[in-house]
Structures are given as structure tokens and as C-alpha cells.
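Colleague: Take a look at the following structure, please.
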């Protein structure tokens with residue numbers, strides 16, 4: 001790999017061993033091939049993978065076949081030895097480590113049975129390279145396999161009978177493949193290849209090897225196809241300039257090879273048919289300096305590391321299109337491995353001027369590849385937004401309409417679930433006048449009944465008079481306080497003649513928890529009961545209400561500081577209680593939805609800092625049988641995105657304009 005001068009100059013100083021091959025390329029008149037003037041590509045998604053530190057200049061990375069351990073090789077700058085370290089794949093805790101020979105310890109391979117690791121290095125004793133052999137079953141360094149020049153990378157055949165090491169003699173423009181017998185721990189053959197070999201993959205049956213080489217004499221890259229059994233070159237396949245990495249699909253039909261380019265040719269990925277031994281297509285706009293590539297275990301995607309650009313690009317293996325690009329921080333992405341179950345992708349990041357110690361970024365593959373379609377429902381104000389929402393839920397007609405004030409949440413919090421149950425929208429109004437857009441929508445829906453939620457302090461008699469001509473029956477539902485109003489609104493849709501199988505219980509003192517619960521409850525045909533959660537027990541009116549409705553199971557939303565332990569205990573005397581709460585309103589919303597929804601492809605977002613949009617939006621979500629997440633106005637909480645991605649949600653609808661949910665939310669930017 002040649003030095004990429006658009007990265008920090010400190011990288012050159014700290015790069016060791018194999019990375020010094022970069023400088024050596026000038027000795028074979030190849031120094032001009034780099035991407036000195038490259039500009040980093042912008043990321044198309046803001047997914048941020050968590051990282052943990054692993055030491056200076058991390059290079060190769062691999063998982064043991066059982067997925068329990070990850071193995072990382074590091075090459076401290078200037079040191080004559082590298083390090084191999086194993087980590088717990090779940091906790092990322094360091095388990096064991098050993099030094100490995102060579103200043104340029106970089107390439108890493110683990111045998112298919114998980115017992116042996118081979119570490120390729122360059123610039124060892126006598127300026128030669130070799131392979132350090134590590135017994136992973138017993139955490140023992142078994143010594144070194146010598147007899148090679150500078151080694152770049154190494155890989156086992158799928159059957160574990162051989163290992164191929166990429167061997168490049170110093171000051172030469174051609175190299176070879178060193179064939180290793182793992183059983184005897186010795187080099188048994190050398191297979192010459194054109195150019196400088198960088199990477200190798202094997203066909204699933206171990207019969208063929210595909211070696212990618214850069215600089216085969218005219219600046220172009222080359223794939224050399226080797227018959228593994230015979231140890232001979234079968235054919236070659238010309239590809240793009242500056243080829244570095246190669247990956248093969250699980251069925252062995254397709255190769256993806258990176259071409260990091262040169263001063264004339266931009267970086268690309270070549271797509272190669274193994275049955276035809278030819279390039280089928282070339283994928284452009286992958287990023288700056290595409291380097292390593294790996295195919296996901298299910299074969300659906302190819303992930304490309306753009307070392308120069310500091311990004312990870314994701315290619316859809318079917319369409320051959322770049323579907324996502326993620327930025328990494330702290331240096332350039334160097335090496336990549338998928339966990340055996342395909343749920344995670346681990347990427348080594350080799351440090352930069354501000355991050356001397358390298359790290360590993362752990363990508364959750366479902367979250368990272370999550371790229372839903374995004375729509376937005378909004379109007380010029382909260383009232384027109386409620387109209388737009390109603391039109392999505394009830395495009396032609398509705399038997400009932402609930403009307404609530406758009407200036408306060410207290411009376412309307414419990415109304416969404418009853419509205420959804422009775423099959424009508426929740427529209428918002430100014431307390432003193434009925435907006436023209438709301439009047440027009442009610443006229444279109446032609447309901448037989450309109451329910452006004454709240455007393456005259458919430459919606460004036462003037463608005464009531466404007467509503468009366470729009471339906472045969474106009475009924476005001478109001479209690480002595482917000483809690484009594486909530487009970488009366490529930491009675492509209494949930495008669496005492498039908499026992500309640502479950503009741504959601506939320507505080508009436510704030511809105512986020514009740515709004516998230518409204519869509520979940522409404523989709524299940526259940527009510528949300530508001531209580532004064534600061535009290536140590538329920539009042540008599542609430543207990544009588546629950547008894548009259550035969551409530552015998554409860555989901556309490558919010559922690560003990562929101563709905564007291566005393567109330568939960570009191571409810572527990574009538575049936576099981578499930579309390580759901582998180583560290584903040586966004587986590588609580590996520591947990592409510594993950595508890596209520598186990599499937600479905602759609603979800604709705606509303607801001608968690610204001611109530612208006614979510615009031616009407618909860619009815620739409622409930623009618624569609626989909627969750628409503630309250631989210632940060634400027635970003636999507638990581639937990640919510642992981643939940644949605646894991647459930648396979650493919651469409652997200654934002655409720656509210658850009659003042660409520662910013663363009664960053666529409667772009668699914670994380671926080």
C-alpha cells in the first residue's frame with residue numbers, strides 16, 4: 001500500500017513495517033501512483049460506530065470461528081516487534097496477548113478450526129519477513145516461519161490445509177505467493193505472480209486462489225487465478241489501477257476488488273465473474289482511496305474501507321450500488337472483519353495526528369445498513385399539521401372526530417387511543433377560533449359525532465358553536481381536572497360492559513411518556529390512563545374507575561420518580577404490573593415501542609420537546625398499527641435507530657415541519 005499523502009504527515013512517521021512498503025514503492029518508480037491531491041469523501045450517513053482502543057497502528061483483525069474472541073495485530077512505530085491481542089467479542093475486554101516478530105506485523109489469519117493464528121510481517125531480522133505462529137487454543141507463541149521476503153498479508157484455505165502469504169522481495173516490482181503448510185509450519189512452495197501481491201481469497205471448495213496485485217508493470221492491477229492443488233497460475237484478470245483488496249461472495253461466484261487509483265484514475269471497485277474470469281462492471285464513487293474489502297457472511301453487501309478518505313462504503317451486492325458511506329474518526333480505516341454471525345463488522349483505525357493510539361470501530365450491521373425511506377407530514381402550523389395527519393389516516397370519511405386544543409396537552413393526552421378505537425382523527429384547534437383548515441377537514445370527513453376534549457377553558461364556547469353545524473352530535477367531554485377528563489374520554493370508547501385486558505398508566509403532569517404510549521396502546525385497542533404520579537397512591541375516583549372497567553393488567557410508563565412505587569404496588573393488587581422506563585424520554589419511547597411492536601415495516605417520529613404533532617400523530621400511528629417514537633429534534637437517538645433497524649422497519653414518517661424535526665432527523669443522523 002503506497003503512502004496516501006492526503007492523510008496526516010504523522011502517519012508516515014508512525015507507520016511501521018508493511019506500511020513502509022509505501023515508501024519502498026518509490027524505489028521501483030511507482031511513487032507517483034498515490035492520491036496526493038485527494039479530498040475526503042463526505043459520508044452519506046451519520047451512523048457512529050462505537051470504538052475502543054487497541055494500541056498503536058492496528059492492522060489485521062479476525063474473529064475466532066465461534067465468534068467469542070476477536071484478534072487484533074498492532075505494530076508500534078519504530079519497534080522491532082508487533083503485538084497480537086485477543087479480546088472478548090462481547091465486552092471488548094482484553095483477554096491475552098503476545099509479541100510477534102517483525103517491525104511490520106500487519107496481516108492476520110486464523111485457521112478454520114480456530115486453533116492457529118498466522119501473523120505476516122515485513123522488515124524483521126535481516127530485512128526479511130516471515131510468519132509468527134500463535135496457538136490460540138493454548139495462548140502460546142509457537143515461533144516463526146521464515147524463508148520469505150517482506151510479507152503483506154496471509155490467508156488460510158477454507159479447508160485449512162494451506163495458507164498463502166503475499167510475498168514481495170524488496171526493491172522488486174514483482175512478487176510471489178509463499179505457500180505454507182500449517183501442519184509442519186513451513187513454506188513448501190513459491191508461486192510467482194505479476195506485480196506486488198497484496199491480498200488473497202479462495203473459492204469455497206479451496207480449489208482456486210485469487211490473488212490481487214498492484215502495479216503489474218503498467219500501473220494497472222491484476223487478479224491472478226491459482227490452481228491450489230497444482231500450485232500453478234491458471235489465468236490472470238486485468239482490473240483497475242492500484243489494486244489492494246479482494247473479497248469473494250459466499251457462493252464463490254463474484255469477486256470484489258478495490259482499485260485505489262492513481263493521479264489519473266479515481267478509486268473504484270471491480271466486480272469480477274469467477275466463471276468467466278472477467279470484469280463485469282466497475283463501481284465508481286466508492287470513496288477516496290478504496291483499500292480493503294469484505295463481503296458480509298450472507299453475501300448481501302460488500303464493505304469497502306476508504307483509508308485515504310476516512311470512510312467505510314457499503315455496496316449492495318445485488319445492484320452493485322453504493323448504498324451507504326460512514327465516516328470514521330481517529331485515523332484511516334485499515335482492516336475489516338465480519339463476526340461469524342454477520343451481526344457486527346469490526347474495523348481497525350490506525351490513528352492520526354490527534355489519535356496516536358489506534359482503535360477498533362464496532363459496527364452493528366443492521367443499524368449501519370439501515371436506510372429507510374423517509375416521508376414528512378407537515379402543515380404551515382400545528383393545526384394544519386393535524387389536518388395533514390388526519391388525511392393520511394382517514395382519507396375520505398370518519399364516523400367521529402375528536403377536537404382538542406393545540407395550546408396545551410393536559411386534556412388531550414388520553415384522547416388518541418379512544419379516537420383510534422372509534423375510527424376518527426384527533427384534530428387541533430385554537431382555543432378561541434376554529435382554524436379554516438380544520439373546519440374544511442371536518443366537513444370533508446362528514447362525521448356523525450364530534451367530541452370536544454376539555455372544558456371551556458381549553459376550547460371556548462365560540463369554537464363549540466362553530467363545530468355544531470358540522471355534525472349531528474357535538475359532545476363536550478370534560479372533567480373537574482385533567483385526570484377526570486382523561487377518565488371520561490376513555491369512557492367514550494371503552495364502556496364498562498367490556499372489561500379492559502390491560503391499561504397503560506402514565507403521568508398526566510408531562511406529555512412525552514403518554515404520547516409514546518398512546519400509539520402503542522391505540523394499536524392494541526387499549527387506553528392510556530393518566531395519573532398524578534407524584535402521589536404515593538391512586539385517588540378514589542381512579543381506583544373506582546379501574547374497578548368498574550375490570551382492569552387486571554397494567555403497563556406503567558416511567559420510573560418511580562414519574563409514577564410512584566406506591567401507585568405501582570397498588571395496581572399490583574389487581575393484576576400484573578410491567579414498568580417501562582429509560583434514562584430519558586427518548587429511551588423510554590424506544591422501550592415502549594420495543595415492548596409493544598415485534599414486527600412491522602413502518603414507524604412514525606415526532607419531536608419529544610413539544611406535544612402538538614404527537615397528539616394527532618399518535619392516532620395515525622395507532623390506526624396503521626405502527627409505533628410512534630418521540631425523538632430529539634435534531635437527531636435520531638442511537639437506541640431508537642438500533643431498535644428500528646433490528647425490527648426491519650423500512651419506512652419512517654416524520655410528523656411536523658423542519659422546525660419540529662430538523663433535516664438531520666430526515667437524514668437519520670444519530671445521537
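The values are calculated or read from the model by the stated rules, or taken from the named source; none is laboratory data. Given the structure is predicted, the values throughout are model-derived calculations rather than measurements. FYI the Cβ positions are ideal-geometry reconstructions off the backbone, even for glycines, and counts take in every protein chain you see.
Colleague: Looking at (1) in contact (Cβ under 8 Å) with a residue 40 or more places away in the chain; (2) crowded, with 17+ Cβ neighbours inside 10 Å, can you tell me which one residue 388 breaks?
Modeller: Exception for residue 388: condition (1).
Colleague: How many of the residues making up segment 511-532 are part of a loop (DSSP other than H, G, I, E, B) and closer than 10 Å to residue 557 by Cα?
Modeller: 0
Colleague: Still on this structure: Does at least one position in segment 661-669 carry a residue that is over 15 Å from residue 374 (Cα atoms) and modelled with pLDDT under 95? It would help to see each step written out before you state the result.
Modeller: Residues of segment 661-669 over 15 Å from residue 374 (Cα atoms): none.
No, every residue in segment 661-669 fails to be over 15 Å from residue 374 (Cα atoms) and modelled with pLDDT under 95.
Colleague: Any idea how many residues of segment 632-653 are farther than 18 Å from residue 601 by Cα and not in a helix (DSSP H, G or I)?
Modeller: Within segment 632-653, the subset farther than 18 Å from residue 601 by Cα is 632-635, 637-638.
So of that shortlist, the ones also not in a helix (DSSP H, G or I) come out as 632-635, 637.
Within segment 632-653, residues that are farther than 18 Å from residue 601 by Cα and not in a helix (DSSP H, G or I) number 5.
Colleague: Then there is this: Would it be correct to say that residue 68 is at pLDDT 85 or above, farther than 22 Å from residue 143 by Cα and surrounded by 14 or more Cβ atoms within 10 Å (Cβ to Cβ)?
Modeller: Numbers: at pLDDT 85 or above: yes; farther than 22 Å from residue 143 by Cα: yes; surrounded by 14 or more Cβ atoms within 10 Å (Cβ to Cβ): yes.
Yes.
Colleague: I'm told residue 409 meets every condition in (1) part of a helix (DSSP H, G or I); (2) surrounded by fewer than 24 Cβ atoms within 10 Å (Cβ to Cβ); (3) within 35 Å of the chain's Cα centre (by Cα) except one. Can you identify the failing condition by its number?
Modeller: Checking residue 409 against (1) part of a helix (DSSP H, G or I); (2) surrounded by fewer than 24 Cβ atoms within 10 Å (Cβ to Cβ); (3) within 35 Å of the chain's Cα centre (by Cα), the one that fails is (1).
Colleague: In segment 165-183, what count of residues is obtained for those that are in contact (Cβ under 8 Å) with a residue 60 or more places away in the chain and in a strand (DSSP E or B)?
Modeller: Just the residues of segment 165-183 that are in contact (Cβ under 8 Å) with a residue 60 or more places away in the chain, to begin with: 168, 170-173, 180, 182.
From what is left, the residues that are in a strand (DSSP E or B) are 168, 180.
Qualifying residue count for the region: 2.
Colleague: From the set of residues in segment 46-65 that are surrounded by fewer than 17 Cβ atoms within 10 Å (Cβ to Cβ) and modelled with pLDDT of 80 or more, which is farthest from the chain's Cα centre (by Cα)?
Modeller: Looking only at segment 46-65, we keep the residues that are surrounded by fewer than 17 Cβ atoms within 10 Å (Cβ to Cβ), and these are 46, 50, 52-53, 65.
Right, trim to modelled with pLDDT of 80 or more and you get 50, 52-53, 65.
Values: 50: 11, 52: 17, 53: 20, 65: 23 Å.
Restricting to residues being surrounded by fewer than 17 Cβ atoms within 10 Å (Cβ to Cβ) and modelled with pLDDT of 80 or more, the top hit is 65.
Colleague: What residue, among those in segment 135-152 that are crowded, with 24+ Cβ neighbours inside 10 Å and in contact (Cβ under 8 Å) with a residue 40 or more places away in the chain, is farthest from residue 205 (Cα to Cα)?
Modeller: Looking only at segment 135-152, we keep the residues that are crowded, with 24+ Cβ neighbours inside 10 Å, and these are 145, 148, 150-152.
From the residues that got through so far, the ones that are in contact (Cβ under 8 Å) with a residue 40 or more places away in the chain too are 145, 150-152.
Numbers: 145: 26, 150: 29, 151: 25, 152: 24 Å.
Looking at residues that are crowded, with 24+ Cβ neighbours inside 10 Å and in contact (Cβ under 8 Å) with a residue 40 or more places away in the chain, I get 150.
Colleague: Would you call residue 189 surrounded by 22 or more Cβ atoms within 10 Å (Cβ to Cβ) and within 21 Å of residue 225 (Cβ to Cβ)? Outline the logic, then answer.
Modeller: On the way: surrounded by 22 or more Cβ atoms within 10 Å (Cβ to Cβ): no; within 21 Å of residue 225 (Cβ to Cβ): yes.
Against the criterion (surrounded by 22 or more Cβ atoms within 10 Å (Cβ to Cβ) and within 21 Å of residue 225 (Cβ to Cβ)), residue 189 does not qualify.
Colleague: Could you figure out which of (1) touching a helix residue (DSSP H, G or I) at 6+ places or on another chain (Cβ under 8 Å); (2) modelled with pLDDT under 60 isn't true of residue 43?
Modeller: (1)
Colleague: Is it fair to say residue 447 is modelled with pLDDT of 95 or more, in a loop (DSSP other than H, G, I, E, B), in the same structural domain as residue 485 (by TED's automatic domain parsing) and within 15 Å of residue 402 (Cβ to Cβ)? Quick ask: steps written out before the conclusion?
Modeller: Details: modelled with pLDDT of 95 or more: yes; in a loop (DSSP other than H, G, I, E, B): yes; in the same structural domain as residue 485 (by TED's automatic domain parsing): yes; within 15 Å of residue 402 (Cβ to Cβ): yes.
Yes; evaluated as a whole, the condition is true for this residue.
Colleague: OK, next. Kindly indicate the residue of segment 467-482 that is buried (at least 17 other Cβ atoms within 10 Å of the Cβ) and either under 15 Å from residue 416 (Cβ atoms) or in contact with a helix residue (DSSP H, G or I) (Cβ under 7 Å, 6 or more places away or on another chain) (or both) and also modelled with the lowest pLDDT among those meeting that condition. First the steps, then the outcome.
Modeller: Initially, segment 467-482 is screened for residues buried (at least 17 other Cβ atoms within 10 Å of the Cβ), giving 467, 470-471, 474, 476-478, 482.
So of that shortlist, the ones also either under 15 Å from residue 416 (Cβ atoms) or in contact with a helix residue (DSSP H, G or I) (Cβ under 7 Å, 6 or more places away or on another chain) (or both) come out as 470, 474, 476-478, 482.
Details: 470: 97, 474: 97, 476: 97, 477: 96, 478: 95, 482: 92.
So the residue we want is 482.
Colleague: If you don't mind, there's one more thing I want to ask. Return the only residue of 365, 328 being closer than 22 Å to residue 261 by Cβ and either free of Cβ contacts under 8 Å to residues at least 24 places away in the same chain or buried (at least 18 other Cβ atoms within 10 Å of the Cβ) (or both).
Modeller: Numbers: 365 fails: closer than 22 Å to residue 261 by Cβ.
328 is the lone residue from the list that is closer than 22 Å to residue 261 by Cβ and either free of Cβ contacts under 8 Å to residues at least 24 places away in the same chain or buried (at least 18 other Cβ atoms within 10 Å of the Cβ) (or both).
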